[in-house]
Amino acid sequence: MEENQQNIYLIHIRFGGDQPLIERISESVTLIKAALSKISENNFKLAYSSKGSDTIGFLVKTRLDAGPVLGQLQNPGKSEWYMSRKEIDAAQNAPPTPSPLRAGDTVMVFKIGDDFSENGFGVVRSWLEHQ
């Protein structure tokens, strides 16, 4: 991938595990948004959430490939191989950032290209058209 090329991904997350869902949402979604903000320079959007909020999807625009995007959700701030020297130095001096993901969670990162179609996801379409 070119160094400055931006990719758009749909990140699909299904919360699992034994912790009550309301606790998980309040705990994890804040951390997920922080991780996405960092990797995308705050260029992300909630695409959907299920009625019970156990499944959510985010759109994110970033220079990273799909693997490092997933890596940043699993272990924020530790995927040094895509970071600049300045970012690596800052990360080494920063306190550890907890992962927003827990045992039992499932995550998929899909790249979205120029050709997409939707029905009933007007906010998603609008966000994608303005990227």
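The values are calculated or read from the model by the stated rules, or taken from the named source; none is laboratory data. Note that the structure is a prediction, hence the values are computed from the model and not measured. Because the Cβ atoms are built from the backbone with ideal geometry, glycine has one as well, and the counts that use them run over all protein chains shown.
In the stretch 31-54, which residues are in contact (Cβ under 8 Å) with a residue 12 or more places away in the chain and small (Gly, Ala, Ser)?
The answer is Ala34, Ala35, Ser40, Ala47, Gly52, Ser53.
Looking at the stretch 14-37 only, could you name the residues that are buried (at least 16 other Cβ atoms within 10 Å of the Cβ) and at pLDDT 85 or above?
Quick first cut of the stretch 14-37, residues buried (at least 16 other Cβ atoms within 10 Å of the Cβ) only: 15, 24-25, 28-29, 31-32, 35-36.
Across the stretch 14-37, the qualifying residues are Phe15, Ser28, Val29, Leu31, Ile32, Ala35, Leu36.
Looking at the stretch 94-106, I want the residues that are at positive phi and have a partner that is at pLDDT below 85 and in a loop (DSSP other than H, G, I, E, B) with Cβ atoms under 6 Å, at least 6 apart or on another chain. Which pairs are those?
Gly104/Gly17
Output the number of residues of the stretch 38-67 satisfying the condition of being at pLDDT below 90, surrounded by fewer than 20 Cβ atoms within 10 Å (Cβ to Cβ) and of a type outside the set (Gly, Ala, Ser).
4
Using beta carbons and a limit of 9 Å, which pairs, at least six apart or on different chains, have the first residue in the stretch 1-30 and over 14 Å from Arg102 (Cα atoms) and in contact (Cβ under 8 Å) with a residue 12 or more places away in the chain and the second one assigned to a loop (DSSP other than H, G, I, E, B) and aliphatic (A, V, I, L, M)?
From residues that are over 14 Å from Arg102 (Cα atoms) and in contact (Cβ under 8 Å) with a residue 12 or more places away in the chain, the pairs are Met1/Leu64; Asn7/Met1; Asn7/Leu64; Tyr9/Leu64.
Counting only residues that are touching a strand residue (DSSP E or B) at 6+ places or on another chain (Cβ under 8 Å) and of a type in the set (D, E, K, R), which one in the stretch 98-131 is nearest to Gly17 (Cα to Cα)?
Filtering first and then ranking leaves Asp105.
Just to be sure I understand, how many residues within the stretch 45-79 are among the polar types (S, T, N, Q), under 26 Å from Glu118 (Cα atoms) and out of contact with any helix residue (DSSP H, G or I) (no Cβ under 7 Å at 6 or more places or on another chain)? If you could, list the steps in order and put the result at the bottom.
Let us first name the residues in the stretch 45-79 that are among the polar types (S, T, N, Q), namely 49-50, 53, 55, 62, 72, 74-75, 79.
Still in the running and under 26 Å from Glu118 (Cα atoms): 49-50, 53, 55, 62.
So of that shortlist, the ones also out of contact with any helix residue (DSSP H, G or I) (no Cβ under 7 Å at 6 or more places or on another chain) come out as 49-50, 55.
Here the count works out to 3.
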